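Colleague: Provided herewith is a single structure, encoded as structure tokens, for subsequent inquiry.
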Amino acid sequence: MNAISTLSQNFIFMLEFAATTAFAVSGVLGALRQRMDIVGICVCSFLTAFGGGTLRDVLLDRRPFFWVEHQSVLIGVIAISVGLATLVSRNQLERGQRWLQIPDSVGLGLFCATGTHLSWIAGQPPIVAIMMGVITGTFGGVLRDLVCNEIPELFKDHRPYALCAAAGGAGYAASMAIDAPTWIALSACAVVAAGSRAVVIVFDVKLPPTGRR
Amino acid sequence: MNAISTLSQNFIFMLEFAATTAFAVSGVLGALRQRMDIVGICVCSFLTAFGGGTLRDVLLDRRPFFWVEHQSVLIGVIAISVGLATLVSRNQLERGQRWLQIPDSVGLGLFCATGTHLSWIAGQPPIVAIMMGVITGTFGGVLRDLVCNEIPELFKDHRPYALCAAAGGAGYAASMAIDAPTWIALSACAVVAAGSRAVVIVFDVKLPPTGRR
Amino acid sequence: MNAISTLSQNFIFMLEFAATTAFAVSGVLGALRQRMDIVGICVCSFLTAFGGGTLRDVLLDRRPFFWVEHQSVLIGVIAISVGLATLVSRNQLERGQRWLQIPDSVGLGLFCATGTHLSWIAGQPPIVAIMMGVITGTFGGVLRDLVCNEIPELFKDHRPYALCAAAGGAGYAASMAIDAPTWIALSACAVVAAGSRAVVIVFDVKLPPTGRR
């Protein structure tokens, strides 16, 4: 039992690391597109990987931040950014971006689940907890686009991303409402968010255009 | 007496709701101009309506935020944003924008009053309290313009807006300095800020150009 | 002894005031380039002068902010901004910018030292303390560029600036590791950061381009 629990913990940690890396790589790519130097690349990568969770913690008034508690992940993300920026060409990264969508979807699910959960156990009302989950999963990318001087992709893409996170958060809230154990609620959140995002990618789902003609 | 007090509370609540809605609508309009999708519209609307007060609360280290305590207003703002984005065309909104200036001025006054007051009773020095009032009344629009990738209108418009809020804050501080009751100080702040903004709009008052030639 | 200590305190205060002013002036210049009005100029100047330290304090959850505790500096910065915007032409400022690099480098060193120190004594791990020093010294300029709707110079300039601050922070951490007294560590940080930045300016040191071809 203990061995299984350790195994599943290691599995989740590996998923989280892969997801954080996927976020960081998309930050590196955004920075390279703007011809930033190594400092810009590291900041952009940091913001994309940790920005959503940090904003959530500022809003919830939680300390220490994840990257303060887990220096190793912080150093890992910076090392990966520097490595990519020196070893890989932008074209290679652009081609690889397609495959990044897989760990990125996993990250959306995992980060959304932790964000919703932390807000929920802090006693926030359900709709706020869902918002915090969405912020945790998506605002890293928003901060990346803001420092790259672009309108955030999250706001213009028309392919649901934040809405997938919101669906995951709703899954969490629903599980909690029927008194399901926490791990069920967390899994429901992550699976619904990542799964619905996968459906969006595979079937190229688009939101209807806004602003009546 | 009690009935009058309830009446006046309801009146203020209605004013605040109208003002928050005016702010939210200007966020929806900014998002539509940038052809954002429904997610961008909701975020933009949220930031414009609640961004100033939230930034103030982060700076003052106050929790819970207004929109955490009053879920109904949060849900109302989101519902209005979604409704406007689906039912109204951008042209209609542009034409309506003229009329939004009225509740917007009221909002400037009310939000400035609450911001100045909260900072004052937290023991901040007068100039900081006035700044917090200005931030509460104006930074929602600044955040809207930042995510819309534009230089904030607040910084370029040359028609006083932040200065009206500062004048209101000065009215609050002056009232407090002569030991006036709180409701007088609050009213002075709101009336001076909203009134001076109304004068600016009606007479098209402009600040002198900056940067000597 | 007491007289010497007072003298050195006054000296440091004068250095800090010169540095804060240099930061503020670069904010005024950024705002003038975007043809902002007097409100934009003051906000831009404030953000450049106090933004880095304020962001650090929000991340470390420290209150009150420097500019809340030291109203006189806040008023001084606003007064200088208004004075410059009305009395000096943009061309004159552009020409003066060359000379601003000297107090700006001093500011980088001093602010980096205070930021690293505050984070260190708050018990943060060394790498986080160094990051906080870098943020304190550099993020004022990042916020200035963001509200001016430009990609932050810090991320694109290729002339080391943040890296000089990081070197200073490493000097602080190394001094602390060998149990040097605090004033030695602080001086090491400020001297390494400001000195290496001076070297960068004088010899026009450039980072290699990023993104392999």
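Read-outs: derived from the displayed coordinates by stated rules, not from any lab. These numbers were taken from a predicted model, which means no experiment stands behind them. All Cβ positions, even for glycine, are placed from backbone atoms using ideal geometry, and neighbour counts span all protein chains on display.
Colleague: Can you compute the charge dipole magnitude of the protein assembly as shown about its Cα centre, using +1 on each Lys and Arg Cβ and -1 on each Asp and Glu Cβ, nothing else charged? Give it in debye, rounded to the nearest 20.
Modeller: Numbers: 45 positive and 39 negative charges, 329 e Å.
For this selection, approximately 1580 debye.
Colleague: Which residue, chosen from C:122, C:196, C:88, occupies the Cα position most advanced towards the positive end of the dipole of the range C:2-203, where the dipole is computed from +1 (Lys, Arg) and -1 (Asp, Glu) charges on Cβ about the Cα centre?
Modeller: C:88
Colleague: Between C:142, C:191, C:199, which gets the highest mean-square fluctuation from a Gaussian network model of chain C, Cα cutoff 10 Å?
Modeller: C:199
Colleague: State to the nearest 20 debye the size of the charge dipole of the range A:133-195 about its Cα centre, where the only charges are +1 on K and R beta carbons and -1 on D and E beta carbons.
Modeller: Values: 3 positive and 5 negative charges, 8 e Å.
Using only the charged Cβ atoms, the result is roughly 40 debye.
Colleague: Could I ask something else about it? Nearest 500 deg cm²/dmol is fine: what mean residue ellipticity at 222 nm does chain C get from its DSSP H runs of n ≥ 4 alone, each adding -39,500 (n - 2.57), divided by its residue count? If you can, show how the numbers build up before the last one.
Modeller: Working: 9 runs with 172 residues, N = 213.
Roughly -27500 deg cm²/dmol at 222 nm, from the helical runs in chain C.
Colleague: While we're here: Could you please state, rounded to a whole Å, how far the C-alpha centre of the range A:39-108 is from the C-alpha centre of the range B:31-78?
Modeller: 26
Colleague: To continue, here is another question. Put a dot 7 Å past each Cα toward the Cβ at residue C:91 and residue C:11; how far apart are the dots in nm?
Modeller: 4.1
Colleague: Okay, moving on. How large is the dipole of the range A:1-138 about the Cα centre if only Lys and Arg carry +1 and Asp and Glu carry -1, each at its Cβ, rounded to the nearest 20 debye?
Modeller: Charge dipole, the range A:1-138, about its Cα centre: 300 debye, nearest 20.
Colleague: Please report the spacing between the Cα centers of the range C:181-213 and the range B:1-20 in Å, no decimals.
Modeller: 58
Colleague: Another question, then. Any chance you could list the semi-axes, whole Å, largest first, of the equivalent ellipsoid that the Cα gyration tensor gives for the protein assembly as shown, using √(5λ)? Before the final figure, lay out the partial values.
Modeller: Numbers: eigenvalues 252, 252, 117 Å².
Semi-axes from the Cα gyration tensor: 36, 35, 24 Å.
Colleague: Separate question: Report, please, the projected area of chain B averaged over directions, based on the convex hull of its C-alpha atoms, in nm².
Modeller: Value for chain B: 13.7 nm².
Colleague: Now for a separate question. Among the complete DSSP H segments of chain A, which ones combine at least 27 Å of alpha-carbon extent along their axis with a mean Kyte-Doolittle hydropathy of 0.5 or more?
Modeller: Numbers: long enough: A:2-33 (46 Å, 1.02); A:38-60 (32 Å, 1.63); A:90-121 (44 Å, -0.20); A:126-147 (31 Å, 1.53); A:182-203 (31 Å, 1.90).
Those that pass (Cα extent of 27 Å or more, hydropathy at least 0.5) are A:2-33, A:38-60, A:126-147, A:182-203.
Colleague: Using DSSP to define loop residues, name the chymotrypsin sites (Phe, Trp or Tyr not before Pro) in the range A:30-123 whose beta-carbon has at most 10 other beta-carbon atoms within 10 Å.
Modeller: none
Colleague: Could you check how many percent of all C-alpha pairs in the range B:115-213 are farther apart than 22 Å?
Modeller: Numbers: 1733 of 4851 pairs.
Within the range B:115-213, distances greater than 22 Å cover 36 percent of Cα pairs.
Colleague: For a quick check: with amide H placed at 1.01 Å from N, whose amide H comes under 5 Å from residue B:159's, ignoring anything fewer than 5 positions away on the same chain?
Modeller: Answer set, sorted by chain and number: B:207.
Colleague: Checking the cross-link filter: which lysines have an alpha carbon closer than 19 Å to that of residue B:206, excluding same-chain neighbours under 8 positions apart?
Modeller: Of all the lysines, those that pass the test against residue B:206 - Cα under 19 Å, at least 8 places apart if same chain - are B:156.
Colleague: Mind telling me which of C:108, C:87, C:163 comes out most flexible in a GNM of chain C, alpha-carbon contacts under 10 Å?
Modeller: Looking only at C:108, C:87, C:163, the largest GNM fluctuation is found for C:87.
Colleague: Taking every pair of distinct Cα atoms and averaging 1/r, then inverting, what Kirkwood hydrodynamic radius in Å comes out for the range B:19-91? Write down the numbers at each step before the final one.
Modeller: Numbers: mean 1/r = 0.0806 Å⁻¹.
In the range B:19-91 this quantity evaluates to 12.4 Å.
Colleague: Output the relative contact order of chain B, whole-number percent, from Cα pairs under 8 angstrom with separation of 6+ residues. Show your work: numbers first, answer last.
Modeller: Details: 306 pairs, mean separation 47.0, N = 213.
Value for chain B: 22 percent.
Colleague: Taking only the Cα atoms of the range C:58-125, how large is their convex hull per residue, in Å³? Kindly include the intermediate steps, with their values, before the conclusion.
Modeller: Values: hull volume 7.7 nm³, N = 68.
Convex hull volume per residue, Cα atoms: 114 Å³.
Colleague: Specify which residue in the list B:183, B:207, B:167 is farthest towards the positive end of the charge dipole of the range B:149-213, using unit charges on the beta carbon of Lys, Arg (+1) and Asp, Glu (-1), about the Cα centre.
Modeller: Value: B:207.
Colleague: Could I ask something else about it? Between residue A:79 and residue B:98, take the C-beta separation as r, use R0 = 51 Å, and let me know the FRET efficiency to the nearest 0.05. Kindly include the intermediate steps, with their values, before the conclusion.
Modeller: On the way: r = 55 Å, r/R0 = 1.08.
Calculated value: 0.40.
Colleague: Counting only residues 5 or more places away or on other chains, whose amide H sits under 5 Å from the amide H of residue C:89 once H atoms are built in the peptide plane?
Modeller: Close amide H contacts, sequence-distant or interchain: B:212.
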